[in-house]
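Read through the structure below, which is laid out as structure tokens, and then see the notes.
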Amino acid sequence: MRPTPASFTSRLRSPAVAARVGVWLGICFGTCFLTGLVSHYAQLPTHPVPFPTSPSWGYRLTQGLHVVTGTAAVPLLLVKLWSVLPRLFESLPPLGDPRRLVLTALERGSIAVLVSAAVFQLATGLANSSQWYPWSTFSFRAVHYAVAWVAIGALLVHIAVKLPVIRDVLTSDIDDTAHDRPSATVRGPLSRRALVRTTFAAAGVAVLATAGGTVPWLRRVSVFAVRTGDGPGGVPINKSALAAGVEDTATSPDWRLEVVVDGAVLRTLSYDDLRAMPQHVESLPIACVEGWSAQGTWSGVRMGDLLDGVTGADVQVTSLQPSGPYRRTTLPANFADDRRTLIALDLAGEPLSLDHGYPCRLIAPNRPGVLQTKWVTRLEVST
Ligand SMILES: Nc1nc2c(c(=O)[nH]1)N[C@H]1C(S)=C(S)[C@@H](COP(=O)(O)O)O[C@H]1N2
Ligand SMILES: [Mo]
């Protein structure tokens, strides 16, 4: 037999619980949306308004928040959906009342869009941050970005529609029954207050379990962020030289760094040539879009010194990597001109390990990790 709303009798499934959990879910989704916009913008190849290079830890903070709030939203969303589940089984209004039918269809349609977009965002985001990439057929970033707008739009509609109820139940006691369904009368072993607190505690655990990827002292309690701090120089390794297919080319004595200006090779530098140039030390983070981040002490040659006086131009940075989306990135002009931007040779006082980008890699302030190109072999500018 098909359940009806009357089949659900727990007092816990109530607007009072849904709204309280919903407030925090809304805060998480809002934060996740805004920090997601930052990350998306930072990864565009060109910026109508320059993305700032300071503070150097800015992207580390916003992307850490993005992944932490997204993870905290998972238990919140599950409890929220559980608390409103009976509404899924409400019968349609009588067919003779087309106006109500249309309104009901619109309301349910918007909820269906909201729920599927929210579940999609959390599921793909979580998969990505645990480095599981089941999508070979679509671009994660493009789809995650597009669906974010759907989710936030549907969320705003939902809040607007529910505002009177939300306001009412949030200003009354949690055990108030004025807005309850008639069948929601059975008291279980758990009070509403206890359910809400347990939900917030679960969200807190989710935060601690992921925040260690960003906050060093949380590492010890972070089961989902085990990789942070591992790896040479205290910086984890994302893609290895083996996986990138650069083991031979990166260690070859024939490796050179080419600097190309307006299509002409300006200089061809060997590893020793780079070592002979003035070396500068910078403390800058690698902040992966997947949420983990780590500070490193890098040293190497200033981008500006390599470009020989060319300023105000975007730089195409090309890796030895034969294929893959990150083999080539665009370093915006304001990043190229920033004195902290290095072609790094050393990390933590040691030559870069092969997996960290030996012979040399790009490291720039306030830049998504995914754009900190390793195994660099060519820099190109057009004036
Ligand atoms: N050539 C190349 N550079 C790359 C990548 C890559 O796949 N290929 N991955 C990027 C990503 S996603 C991150 S987070 C950083 C990580 O640098 P690390 O492995 O030294 O920590 O390198 C970036 N540089
Ligand atoms: Mo990354």
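Across region 348-383, what is the number of residues that are within 16 Å of ligand 2 (Cβ to nearest atom) and in contact with a strand residue (DSSP E or B) (Cβ under 9 Å, 6 or more places away or on another chain)?
Of region 348-383, the ones within 16 Å of ligand 2 (Cβ to nearest atom) are 355-357, 361-364, 366-375.
With the extra rule that they be in contact with a strand residue (DSSP E or B) (Cβ under 9 Å, 6 or more places away or on another chain), the set shrinks to 356-357, 361-364, 366-375.
The number of residues fulfilling the criteria is 16.
When restricted to residues that are assigned to a helix (DSSP H, G or I), among the aliphatic types (A, V, I, L, M) and open to solvent by 60 Å² or more (accessible area, probe 1.4 Å), region 263-286 contains 1. For region 188-199, a tally of residues being within 31 Å of the chain's Cα centre (by Cα) and surrounded by 17 or more Cβ atoms within 10 Å (Cβ to Cβ) returns 3. Of everything in region 235-272, what is out of contact with any Leu (no Cβ under 9 Å at 6 or more places or on another chain) and within 16 Å of ligand 2 (Cβ to nearest atom)? Give them in sequence order. Result: PRO236, ILE237, ASN238, LYS239, ALA243.
Can you confirm whether PHE51 is crowded, with 18+ Cβ neighbours inside 10 Å and in a loop (DSSP other than H, G, I, E, B)? Before the answer, list the steps.
On the way: crowded, with 18+ Cβ neighbours inside 10 Å: yes; in a loop (DSSP other than H, G, I, E, B): yes.
Taking the combined requirement at face value, the residue satisfies it.
Filter region 328-357 down to the residues that are farther than 20 Å from SER56 by Cα and more than 27 Å from the chain's Cα centre (by Cα) and list them by number.
Step one: filter region 328-357 for residues farther than 20 Å from SER56 by Cα, giving 328, 349-355, 357.
Selection gives GLY349, GLU350, PRO351.
Between GLN372, GLN321, the distinction of being under 12 Å from VAL246 (Cβ atoms) and near ligand 1 (Cβ under 8 Å from one of its atoms) belongs to GLN321 only.
Out of region 54-83, which residues are over 20 Å from ASP337 (Cα atoms) and open to solvent by 50 Å² or more (accessible area, probe 1.4 Å)? Give the steps one after another, and end with the answer.
Let us first name the residues in region 54-83 that are over 20 Å from ASP337 (Cα atoms), namely 60-83.
Listed by number, the residues that qualify are LEU61, LEU65, LEU78, LEU81, TRP82.
In region 205-243, the qualifying residues are those that are modelled with pLDDT of 70 or more, of a type in the set (A, V, I, L, M, F, W, C) and more than 18 Å from PRO351 (Cβ to Cβ), and the one that is nearest to ligand 1 (Cβ to nearest atom) is ALA243. When we screen ALA178, ALA117 for residues that are open to solvent by less than 50 Å² (accessible area, probe 1.4 Å), out of contact with any strand residue (DSSP E or B) (no Cβ under 6 Å at 6 or more places or on another chain) and of a type in the set (Gly, Ala, Ser), the only hit is ALA117. Among the criteria (1) at pLDDT 95 or above; (2) open to solvent by 30 Å² or more (accessible area, probe 1.4 Å); (3) farther than 16 Å from GLN321 by Cα, the one VAL260 does not fulfil is (2). Does THR46 count as buried (at least 16 other Cβ atoms within 10 Å of the Cβ) and either without any contact (Cβ under 8 Å) to a residue 40 or more places away in the chain or more than 13 Å from the chain's Cα centre (by Cα) (or both)? The answer is no for THR46.
Figure legend. Inter-residue proximity from region 245-271: first residues touching a residue at least 40 places away in the same chain (Cβ under 8 Å) and assigned by TED's automatic domain parsing to the domain that holds VAL317, second residues small (Gly, Ala, Ser) and assigned to a strand (DSSP E or B), beta-carbon distance below 9 Å, spacing 6+ or different chains. Indicated pairs: VAL246/SER319. Put simply, of LEU34, LEU92, LEU106, LEU76 the only residue that is part of a helix (DSSP H, G or I) and more than 22 Å from the chain's Cα centre (by Cα) is LEU106. Considering region 136-161, and only residues there that are in contact (Cβ under 8 Å) with a residue 60 or more places away in the chain and surrounded by 15 or more Cβ atoms within 10 Å (Cβ to Cβ), the residue that is farthest from VAL113 (Cα to Cα) turns out to be ARG141.
The values are calculated or read from the model by the stated rules, or taken from the named source; none is laboratory data. Note that the structure is a prediction, hence the values are computed from the model and not measured. In this analysis, Cβ positions are derived from the backbone assuming ideal geometry, glycine residues included, and neighbour counts consider all displayed protein chains. The area values use the complete protein model at the heavy-atom level, side chains included, leaving out ligands, DNA and RNA. Shrake-Rupley method; radii C 1.70, N 1.55, O 1.52, S 1.80 Å.
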